[in-house]
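Throughout, read-outs are computed from the coordinates displayed, never taken from laboratory work. Note that this is a predicted model, so its numbers are computed, not measured. Note: ideal-geometry Cβ built from the backbone for every residue, glycine included; neighbour counts use all protein chains shown.
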Amino acid sequence: MERPVRYNVKNEKGKAIQIAEPPEGYTGEGYFTTKLSNVVGLARKNSIWPLPFATSCCGIEFMATMGSHYDLARFGAERVGFSPRQCDLLMVMGTIAKKMGPVLRQVYLQMAEPRWVLSMGACASSGGIFDTYSVLQGIDQVIPVDVYIPGCPPRPEAVLDGFMKIQELVGKESIRRRNGEQYKQLMESYGIE
Amino acid sequence: MAGNRGLKVHSSEMALTNEIIRERLQAKFGDQLANFEEPYGMLCFEAPKDMNLKLLQFLYDDVELCFQFLTTLCAVHYPQQQGRELAIVYHLHNLRDNIRIRFKIFTDINSPDIFTATNLYSAANWMERETYDFYGVNFVGHPNLKRILNVDEMDYFPMRKEYPLEEATRIDKDDAMFGR
């Protein structure tokens, strides 16, 4: 059976599918003005390149999230990069052993600004059940984290929710934030120049 | 008979058994070896701390024993045994007769100096590093005795039963929630 086109352009109640709200600004015939930071935020948040740093079972949930059923690509994150130099979002998924700590930090340092970090699951966020001598008790001991996703492991819906929280942060971020004093202090608290 | 030409038949040799091994060891070392046991059919015994190399060399070189494969090597911590807190356990395998033995040596935790087996068994290299990493056994003569699994900055031996199981840097665990 052919798939009727209306499923792609209308939602269940027959209404047209919602398009994302435009940012605040002035509209006239043939033009639209708004703040530069809004435009930049809109562009950035809908074209995030994630770098998956998957070390254990959370990584498996992430694979489901990338698959066709949950489909992270709907959020503009189709392109999963495996080079930190090209990526905007470091997704840390799984237990990080203390020996892995410096590796993770190195990957973070290789990413270009602006960069965001998402910590998925109990282990990455706090060490989880691995309360032991060999496991890092939360990646925020070595790099700053923007969003934490709870769960062991979190469901793909939770990953999407966390990703949307990242999008929110990215979209609302002032373009001067990364030059600010507060941000510099945050980096210095982690010993990052 | 022509078909058997390529085969060596050890008709005169008896298969190696635990009794033969035990007799040969006692003939060589007398009553220095103690606590002979055979749990699940595997010959086990204890040896004095400074004799581990002599014993390994004999087990390796002896034409009948031929224990030329080191299966594994590890340590055990017995905190309640004063003066012999650390046990170092060797598992050896005779591949020709497919027979295994196990022996332990005990040492004081304050002077855990043991001769290395790396010159005899190359496999002992990483095993001894691991044993050093987790129990702090000092293998005298080891070519590269440094940590192998844990981070280099670690300043204790985590598998000794004198350290808390839980990580000290953990901050999110509320004692009341864990019944403490």
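Remarks
- Test: residue in the range A:67-77 that is surrounded by 14 or more Cβ atoms within 10 Å (Cβ to Cβ) and assigned to a helix (DSSP H, G or I): yes
- Answer residue from the range B:126-180, given it is more than 9 Å from chain A (Cβ to nearest Cβ) and polar (S, T, N, Q) and is farthest from residue B:52 (Cα to Cα) among those: B:144
- Where strands (runs of 3 or more DSSP E) fall wholly inside the range B:75-180, the ranges with 1 or more residues that are within 16 Å of the chain's Cα centre (by Cα) and closer than 24 Å to residue B:37 by Cβ are B:86-94, B:99-107, B:113-115.
- Restricting A:149, A:139 to those that are within 23 Å of residue B:172 (Cα to Cα) and under 13 Å from the mean Cα position of the chain (by Cα) reduces the list to A:149.
- Any chance residue A:97 is within 12 Å of another protein chain (Cβ to nearest Cβ) and touching a Cys at 6+ places or on another chain (Cβ under 7 Å): no
- Residue among A:122, A:64 that alone is within 14 Å of chain B (Cβ to nearest Cβ) and either more than 13 Å from the chain's Cα centre (by Cα) or not aliphatic (A, V, I, L, M) (or both): A:122
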